Every structure is written in C-alpha cells, then in structure tokens.
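Laboratory data are not the source of any read-out in this text; all were calculated from the coordinates shown. Treat the numbers as computed from the prediction; the structure is a model and nothing was measured. So basically every Cβ, Gly included, is an ideal-geometry build from the backbone, and we count neighbours across all protein chains shown.
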Amino acid sequence: MHTAPFEYHRAESLDDALRLLDQYGDEAKILAGGHSLIPVMKLRFAQPAHLIDIRRIPGMGGVREEGDSLIVGALTTYRQILESEAVRRRAPLLAETAAQVGDLQVRNMGTIGGSLAHADPGADMPAAILALGATVTVRGPGGERQIAADDFFVGFFTSALAEGEVLTSIRVPGAAARSGSAYEKHPHPASGYALCGAAAIVSLGVGGAIESARVALTGIGSKAARAAGVEQALLGQDGSPATVAAAAARAAEGIDLRPDEAGATGYNENLARVCVKRAVTRALERARSA
C-alpha cells in the first residue's frame with residue numbers, strides 16, 4: 001500500500017523542527033527511524049500532511065555517561081545501543097531488549113526515541129525504560145522538561161508528549177550493587193512485536209533477600225505498565241522458585257488487558273505470568289553472580 005500524499009521537510013536543527021511543528025500543528029508528524037510511523041502511514045491509519053525528518057539533527061544520537069547515569073539520545077538506533085560498551089556495562093537490560101526488537105533492518109534504522117514517542121502497546125523499549133526507572137527529556141515551545149518513565153505512557157498509542165514537543169533524550173540511572181536484569185519476550189510470529197514482554201530488575205540485600213524489584217510489561221495491555229503486584233510480592237523474599245512463582249501469579253493485576261483473538265483475556269494473563277516468572281528468575285541468577 002502507499003501513503004497518502006504529504007509534504008516532506010528536513011529539519012536542520014532541533015529549533016528548526018520545533019518551528020515546523022509550531023507552523024503545521026496537528027497536520028505534522030515527526031520522522032526519526034521511520035519503522036513505527038511509515039507502516040501506519042501505508043495502512044492510512046495516519047495521514048499527516050507534513051512529515052518532519054529529524055534524522056540528521058546533530059547531537060540527538062549516541063550514548064554518553066554522565067555521573068552515575070547514561071544519557072541515550074533519542075536518535076540512537078538499536079544497533080548503536082547493542083554496540084555500546086557503556087550500555088552493556090551500566091544498563092545491560094537496554095542492550096538485551098534492543099537485541100529482540102524487530103529484525104536486522106529495524107535495528108539498523110529504528111530509534112529508541114521514535115519507539116517511545118510512538119507508544120505502541122506492543123513495543124519492547126517501553127517495558128525496559130519502565131523497569132530501569134528512566135527519565136525522558138522533551139523540548140517544546142515551553143522549553144525543556146523531564147518526564148518520569150512511569151508517567152510517560154498514557155494510553156493506547158498515547159504518550160505524555162504535549163503538542164509541539166520533541167523527545168530529545170533518555171536518562172537511565174546507574175544500577176545498584178548486586179543487581180540483575182532480564183527481558184523475556186513472546187513475539188508475534190509475523191510482526192515480531194511483543195504479544196507479551198517482561199522486563200525485570202532485582203537487587204539483593206544482606207543475606208540475599210530481594211531489596212528492590214522493578215518489573216514492567218508490554219504487549220498485553222493498552223500501554224506498557226509496571227507490574228506493581230509482582231514488585232510488592234518480591235520485596236523481602238528469598239527469591240526461591242516458589243516465591244517467584246507466587247509473585248508472577250500477580251503479573252496482570254491492575255493492567256488494562258487487551259483481549260486476544262478470541263475476545264478473551266485469559267491467554268494474555270497466562271502469558272504475563274510465564275514471561276514475568278522467566279524474567280525475574282534470570283534477573284535473580286544474574287544478581288546472585290554479580
């Protein structure tokens with residue numbers, strides 16, 4: 001299929017992109033990697049009259065260390081994340097998740113900022129940044145602001161980005177000592193999107209008890225979300241298979257589940273339990289060997 005007609009604009013700077021967004025308003029869409037936007041344009045689900053290409057804006061890609069945190073530019077591709085030594089060392093969950101995004105072509109061209117801004121409920125990266133406790137930086141007519149990942153995903157294909165704003169970077173805090181992480185995914189066999197994806201980070205305290213846990217899910221609901229029931233059930237526990245299984249049983253609590261093809265939610269509930277159990281188990285193994 002072909003897209004509806006549109007006018008193409010190549011932004012030379014972030015200020016240029018913001019000016020174009022202000023000029024064309026809701027008739028415009030931002031183009032980064034294009035692997036989220038172009039498919040829905042071909043299906044005519046999105047028909048922007050103006051496409052603003054930000055791919056060549058300098059300074060919006062790449063990974064750098066800043067204190068105890070990682071700063072990941074919005075235009076950083078999945079391949080760059082995978083190849084980053086700093087990511088593998090300081091936020092391995094980000095690299096493990098990127099490795100499971102799409103196929104080789106998507107990972108070469110797709111960007112982390114584009115994925116987050118698109119807020120697809122089946123995308124992988126939203127679960128990772130929720131589990132990591134990341135902060136998203138955006139810039140718009142009112143200047144720059146930071147949005148906690150917990151507040152960024154509002155609903156179905158809807159983020160906290162306001163009109164005229166552009167996502168510019170993601171700040172990932174440093175990992176705690178004796179911590180481990182894992183991303184477990186059950187992909188759709190055709191598209192590769194997550195029917196369910198579970199990202200988990202656990203930290204161990206004195207005696208090996210679970211001191212902190214962050215678990216996030218994508219694919220099963222109307223948006224990526226924290227699995228608060230699982231996190232609560234893990235705190236203070238020894239991380240035995242029985243306690244992990246009991247915590248994973250609460251995976252779908254509080255999540256607005258999407259119905260499966262049969263119109264029921266039971267399948268998604270079970271997927272969530274299985275993926276969370278596997279992700280938490282692997283995260284614990286890595287924490288114990290840290």
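Things to note:
- Karplus-derived 3J(HN,Hα) values for segment 213-225, using 6.51 cos²θ - 1.76 cosθ + 1.60 with θ = phi - 60°, are 8, 10, 10, 9, 10, 9, x, 8, x, 6, 7, 5, 8 Hz; glycine and proline are entered as x.
- Overall form of segment 114-232 per C-alpha gyration tensor (a/c, 1.5; a/b vs b/c): oblate
- Protection-proxy order for peptides 93-105, 142-154, each taking the mean of Cβ atoms within 10 Å per residue, highest first: 93-105, 142-154
- At full extension, Tyr8 and Val206 could sit 65.5 nm farther apart than now, given 0.36 nm per residue minus the alpha carbon distance.
- Kirkwood-based Rg to Rh ratio, segment 179-288, C-alpha trace: 0.99
- Only lysines eight or more places from Lys277 in sequence, or on another chain, were considered; those with a Cα closer than 23 Å are Lys185, Lys223.
- Principal axis dimensions, largest first and in whole angstrom, of the chain by Cα: 59, 49, 34
- The mean of 1/r over all pairs of different alpha-carbon atoms in segment 7-51, once inverted, gives a Kirkwood hydrodynamic radius of 10.9 Å.
- Total formal charge among the other residues, if their Cβ is under 13 angstrom from that of His2, Lys/Arg +1 and Asp/Glu -1: +2
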